[in-house]
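One structure is given below, encoded as structure tokens.
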Amino acid sequence: MKAGKTHGYVLTFRCINCGRHEVFADYATDEVEPEDRIRGRIYEVTCYSCGWSGEACGQSAIRISRTDLRPRGARWQSSGS
Ligand SMILES: [Zn+2]
């Protein structure tokens, strides 16, 4: 059984301000979603390089990767719940 949103997607964008690929958006979901649905959303994003923040459409993402949003180390610990 899953509790809470522990998985999701990380989208990488090219920064429109500094041009680096340092703009990331997190999207938390426990479900696997088709890529075109992920791309159909608008994300609030922040550039880790220059600090620019704004909105980016998933269509312009240069990379989408599925990820575990839980902190590292806690992933496989099951001390009984
Ligand atoms: Zn930037």
Review point. Can you list the residues, at least 5 places off or on another chain, whose amide H is less than 5 Å from the amide H of Y9, using H built in the peptide plane?
Key: Y27, A28, T29, T67
Revision key, fill the gap. Phi-derived 3J(HN,Hα) across region 23-38 with the Karplus relation (6.51, -1.76, 1.60, θ = phi - 60°), rounded Hz, x for Gly and Pro, is 9, 10, 10, 9, 10, 8, 7, 8, 9, 7, 10, x, 4, 5, 6, 5
Check your understanding: Pulled fully out, how much extra length does the chain show between E33 and R14, if you take 0.36 nm times their separation in residues and subtract their Cα-Cα distance?
Key -> 4.6 nm
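Can you give the FRET efficiency for H7 and S60, using 1/(1 + (r/R0)^6), R0 = 35 Å, r = Cβ-Cβ distance, to the nearest 0.05? Write down the numbers at each step before the final one.
Working: r = 23 Å, r/R0 = 0.66.
Efficiency at R0 = 35 Å is approximately 0.90.
Computed from the coordinates by the stated procedures, all read-outs in this text should not be read as laboratory data. Since the model is a prediction, treat every value here as computed from it, not as a measurement. Positions of Cβ are generated from backbone atoms using ideal geometry, with glycine treated the same way; all protein chains shown enter the neighbour counts.
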